[in-house]
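The values are calculated or read from the model by the stated rules, or taken from the named source; none is laboratory data. Every value quoted in this text rests on a predicted model; they were computed, and no experiment measured them. In this analysis, Cβ positions are derived from the backbone assuming ideal geometry, glycine residues included, and neighbour counts consider all displayed protein chains. All accessible areas refer to the heavy atoms of the entire protein, side chains included, with ligands and DNA or RNA removed. Shrake-Rupley method; radii C 1.70, N 1.55, O 1.52, S 1.80 Å.
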Amino acid sequence: MPEPAPDPVLHVPVLLQEVLDNLPVPAGGRVLDLTLGLGGHAEAILARADAQTRYLGVDRDPRARERARARLGSDARLSILPGTYEDVWEDPTFQNLMHLHAPEGLDVVLMDLGVSSLQLKDPGRGFSFMTEGPLDMRMDPDSGPTALDWLAEQTDTTLADAIYAYGEERASRPVARAILRSLAQGTLRTTLDLAAAVYTVLPREVARRKKQIDPATRTFQAIRIAVNGELARLAGAITAAAMSLKPGGRLGVISFHSLEDRIAKQTLRRLAGIYDGPGRTAPEPLPRLLRLIHAGGLKAGEAEAQANPPSRSARLRIGERLAEPQPTRTTR
Ligand SMILES: C[S@@+](CC[C@H](N)C(=O)[O-])C[C@H]1O[C@@H](n2cnc3c(N)ncnc32)[C@H](O)[C@@H]1O
């Protein structure tokens with residue numbers, strides 16, 4: 001299979017070698033990529049797979065699907081579907097494709113969570129505090145409220161709670177008050193206005209002097225997660241993905257921050273029958289569907305971390321479907 005040309009938008013898929021090494025696609029393999037993005041992982045996986053392989057890519061962002069189609073659309077092994085990894089399971093087209101191509105289950109499922117470089121680098125999408133853009137932040141620009149609409153529905157308390165829960169921002173209360181004050185004054189229109197409201201509480205110069213991350217990072221992350229409902233149903237989506245595997249099939253989940261990773265880790269451990277609750281014994285047995293591969297997850301090596309800074313915060317967690325559900329370990 002010839003190596004395809006690189007995408008013109010610079011997008012380097014993270015942990016690519018770890019994905020290729022640990023999510024092997026057998027001859028005639030069946031692959032589901034629930035976060036197709038710009039098709040970076042898809043391109044590399046397809047370049048190594050045989051002609052009988054089928055690759056189904058799902059993404060909620062129509063522009064990402066367009067880019068992936070432009071990059072890989074001529075590959076007859078690939079089908080691209082709109083949808084979210086939470087809801088695609090109910091989509092009749094998805095169900096038909098699964099029935100047709102993977103009646104016995106999937107060999108590989110990949111979930112590369114979060115936003116893509118295409119989304120982050122386009123000022124018009126409103127994800128970045130570095131460039132001026134509308135306060136949008138929707139991964140699917142055709143669905144749900146924009147960040148500005150969402151902010152307009154918040155109170156000091158609900159906004160502070162979201163900024164604390166999804167951004168782990170310790171100054172969440174004063175930051176929330178500053179944002180809503182700016183909104184009430186009619187000065188909150190763009191990403192730079194939002195960042196400016198955060199800096200009134202957490203001055204950027206102080207962070208720079210202390211070589212800390214930009215103080216707007218945590219608040220932008222929190223609002224983005226809230227607007228896109230990123231964490232609310234992640235555990236259910238990981239569980240559905242694990243259940244769609246055939247025996248020996250593998251699920252890989254790549255997370256980019258501690259909140260996502262905690263959910264990925266806890267869900268995969270639970271699916272592996274590992275009890276993490278309080279006390280030493282599970283109140284009721286958990287069926288054991290998976291075994292964990294590299295229990296602590298895989299992180300970028302030094303070379304990748306240097307070459308592609310976003311990879312520094314990425315972690316790949318992998319579960320392999322067992323032949324039969326096994327009795328659980330009810331004690332820790
Ligand atoms: C980190 S990027 C994936 C990059 C991709 N692996 C590549 O190599 O090009 C994450 C993608 O997941 C998509 N996404 C985020 N949440 C989603 C969800 N709930 N359902 C479907 N797609 C989602 C985003 O639109 C984005 O394109």
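Would you please give the residues with an amide H less than 5 Å from that of Glu169, counting only those at least 5 places away or on a separate chain, with H modeled from the backbone geometry?
Tyr164
Tell me, what is the percent relative contact order of the stretch 196-312, built from C-alpha pairs under 8 Å that lie six or more residues apart?
Values: 70 pairs, mean separation 17.2, N = 117.
Over the stretch 196-312, the number comes to 15 percent.
How would you rank 200-210, 254-264, 20-30, highest first, on the average number of other Cβ atoms within 10 Å across their residues?
My ranking of the peptides, most packed first, is 254-264, 20-30, 200-210.
Only bridges with both residues in the chain count here: give the DSSP antiparallel percent, nearest 5.
45 percent
Leaving ligands, DNA and RNA out of it, report the carbon-plus-sulfur percent of the accessible area of the stretch 1-145 at a 1.4 Å probe.
54 percent
Against the longest alpha carbon principal axis of the chain, how many degrees, from 0 to 90 and to the nearest 10, is the axis of helix 216-228 turned?
Compared with the principal axis, the helix lies near 60 degrees.
Which lysines, if any, have their Cα less than 19 Å from the Cα of Lys299, not counting same-chain residues under 8 positions apart?
Lys265
If packing is taken as the average count of other Cβ atoms within 10 Å, what order do 90-100, 271-281, 116-126 fall into, highest mean first?
Numbers: 90-100: 12.7, 271-281: 14.6, 116-126: 18.8.
Output ranking for 90-100, 271-281, 116-126: 116-126, 271-281, 90-100.
Give the carbon-plus-sulfur fraction of the accessible surface of the stretch 168-320 in %, rounded to a whole number; probe 1.4 Å, heavy atoms of protein chains only. Walk me through the numbers on the way to the answer.
On the way: 3910 of 7360 Å².
That fraction is 53 percent.
Can you give the net charge of the other residues whose Cβ lies under 12 Å from the Cβ of Thr200, counting K and R as +1 and D and E as -1?
+2
For the chain, find the longest principal axis of its Cα atoms and tell me its angle to the long axis of helix 258-271, 0 to 90°, nearest 10.
Compared with the principal axis, the helix lies near 30 degrees.
Compute the Cα gyration tensor for the stretch 126-244, then decide on rounded, prolate or oblate, letting a ≥ b ≥ c be the square roots of its eigenvalues: rounded whenever a/c is under 1.5, prolate when a/b is larger than b/c in the other cases, and oblate in all that remain.
In terms of gyration-tensor shape, prolate.
Quick check on packing: order 230-236, 300-306 by the mean number of other C-beta atoms within 10 Å, highest mean leading.
Those peptides, ordered most packed to least, come out 230-236, 300-306.
Helix-only mean residue ellipticity at 222 nm, the chain, DSSP H runs n ≥ 4 weighted -39,500 (n - 2.57), per residue, nearest 500. What is it?
Computed mean residue ellipticity for the chain: -11500 deg cm²/dmol.
Return one number: the angle in degrees, 0 to 90 and rounded to the nearest 10, between the long axis of the Cα atoms of helix 92-101 and the longest principal axis of the Cα atoms of the chain.
Helix 92-101 and the main axis of the chain meet at about 30 degrees.
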